[in-house]
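S.K.: This structure is in structure tokens; I'll ask about it shortly.
The values are calculated or read from the model by the stated rules, or taken from the named source; none is laboratory data. The structure displayed is predicted, hence computed values, not measured ones. Cβ coordinates were reconstructed from backbone atoms using ideal geometry, including for glycine residues, and neighbour counts include every protein chain displayed.
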Amino acid sequence: MERKVILTEDGSHTVSIPSMGVTFHSIHGAVQESKYIFMEAGLNFFISHSSKKAIRVFEAGFGTGLNALLTYLEAEKRNLEIYYETVDLYPLNETEFRSLNYCTLLERSDLQSVFEKMHLCEWGKQIPVSPFFSLKKINSDLPAIKTTGKFDLIYFDAFDPKAQPELWSTEIFGKMFSILKENGILVTYSSKGDVRRAMQSAGFSVKKIPGPKGKREIVRAVK
């Protein structure tokens, strides 16, 4: 499967898969998109409605590791303890992830070693990336995933529904619902009607909210 590291409009990298017609992040800005959807509408929204300092996050699609890196930065800034579990069937190779410019663009070149550790750490084991952030990566496809316990927050960042409609089904969202704690939150970039109906069928309370540049609306769903 051919993959290419490309620039997006905010100067940050993403990865494209030409044969599938997909990119890992928005071409309008990878960092901009992830900050808005998964940090602001996800993690920071959860924090604003909870007194928890120890938060369990599940990400459907580790991909470039950008969402994990941004979550690390938020944990550092907000004095949080994060357990981060994620799944990916086809992880990036070393050449690909070492070429990504996120730490430089975020003016945190000191975190390049942390970012690379996230990619290099052993699969299937909980790894302490820092005293406040631990990571477990699972090399699996999403339908077969077996998670460790329940989560406060899910970043649902699978490929576009047009490319992989099976990952946006009632069955998958039912699985996501089952691994969320009560009042847990799922955020995703897709607000398609079929996606929202699948979430609702799985039991979620679904709300469309304004999206980032290039995306009119996104979805936040609550258990």
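S.K.: In the stretch 85-97, which residues are at pLDDT 95 or above and within 22 Å of ALA158 (Cα to Cα)?
M.R.: Across the stretch 85-97, the qualifying residues are GLU85, THR86, VAL87, ASP88, PRO91, LEU92, ASN93, GLU94, GLU96, PHE97.
S.K.: Just the residues that are without any contact (Cβ under 8 Å) to a residue 24 or more places away in the chain and not β-branched (Val, Ile, Thr), please, taken from the stretch 11-30.
M.R.: SER16, PRO18, SER19
S.K.: Then there's this: State the number of residues belonging to the stretch 102-122 that are polar (S, T, N, Q) and at positive phi.
M.R.: Total satisfying the criteria: 0.
S.K.: Just the residues that are within 13 Å of ILE179 (Cα to Cα), of a type outside the set (A, V, I, L, M, F, W, C) and within 16 Å of the chain's Cα centre (by Cα), please, taken from the stretch 130-149.
M.R.: Within the stretch 130-149, just THR147 meets the criteria.
S.K.: In addition: So which of VAL206, VAL222, VAL114, VAL129 ends up being touching a Gly at 6+ places or on another chain (Cβ under 8 Å) and hydrophobic (A, V, I, L, M, F, W, C)?
M.R.: So the residue among VAL206, VAL222, VAL114, VAL129 that is touching a Gly at 6+ places or on another chain (Cβ under 8 Å) and hydrophobic (A, V, I, L, M, F, W, C) is VAL222.
S.K.: Of all residues being under 17 Å from LYS35 (Cβ atoms) and crowded, with 19+ Cβ neighbours inside 10 Å in the stretch 3-22, which is nearest to the chain's Cα centre (by Cα)? Just the residue, please.
M.R.: THR14
S.K.: Moving on. Determine whether the stretch 193-205 contains at least one residue that is on the phi < 0 side of the Ramachandran plot and part of a strand (DSSP E or B).
M.R.: yes
S.K.: Restricting to the stretch 157-184, name every residue that is of a type in the set (Val, Ile, Thr), surrounded by 17 or more Cβ atoms within 10 Å (Cβ to Cβ) and in contact with a helix residue (DSSP H, G or I) (Cβ under 9 Å, 6 or more places away or on another chain).
M.R.: ILE172, the sole residue that qualifies.
S.K.: Given the criteria in a loop (DSSP other than H, G, I, E, B), surrounded by fewer than 16 Cβ atoms within 10 Å (Cβ to Cβ) and in contact (Cβ under 8 Å) with a residue 60 or more places away in the chain, does GLY124 qualify?
M.R.: In short, no.
S.K.: Which condition breaks for ARG108 when tested against (1) within 19 Å of the chain's Cα centre (by Cα); (2) more than 26 Å from LEU167 (Cβ to Cβ)?
M.R.: (1)
S.K.: If I go through the stretch 60-116 residue by residue, how many of them are in a helix (DSSP H, G or I) and either surrounded by fewer than 19 Cβ atoms within 10 Å (Cβ to Cβ) or of a type outside the set (S, T, N, Q) (or both)?
M.R.: Within the stretch 60-116, residues that are in a helix (DSSP H, G or I) and either surrounded by fewer than 19 Cβ atoms within 10 Å (Cβ to Cβ) or of a type outside the set (S, T, N, Q) (or both) number 28.
S.K.: Can you find, within the stretch 206-223, the residue that is modelled with the highest pLDDT among those that are surrounded by 15 or more Cβ atoms within 10 Å (Cβ to Cβ) and assigned to a loop (DSSP other than H, G, I, E, B)?
M.R.: Among those that are surrounded by 15 or more Cβ atoms within 10 Å (Cβ to Cβ) and assigned to a loop (DSSP other than H, G, I, E, B), it is LYS223.
S.K.: May I ask you to say which residue of THR86, THR64, THR23, THR71 is touching a Lys or Arg at 6+ places or on another chain (Cβ under 7 Å) and among the polar types (S, T, N, Q)?
M.R.: THR86
S.K.: Just checking, does the stretch 136-156 include any residue being loosely packed, with under 13 Cβ neighbours inside 10 Å, assigned to a strand (DSSP E or B) and on the phi < 0 side of the Ramachandran plot?
M.R.: no
S.K.: If I go through the stretch 46-84 residue by residue, how many of them are closer than 28 Å to VAL22 by Cα and modelled with pLDDT of 95 or more?
M.R.: First, the residues of the stretch 46-84 that are closer than 28 Å to VAL22 by Cα: 57-74, 84.
Of the ones still in play, those that are also modelled with pLDDT of 95 or more are 57-60, 62-74, 84.
Counting residues in the stretch 46-84 that are closer than 28 Å to VAL22 by Cα and modelled with pLDDT of 95 or more gives 18.
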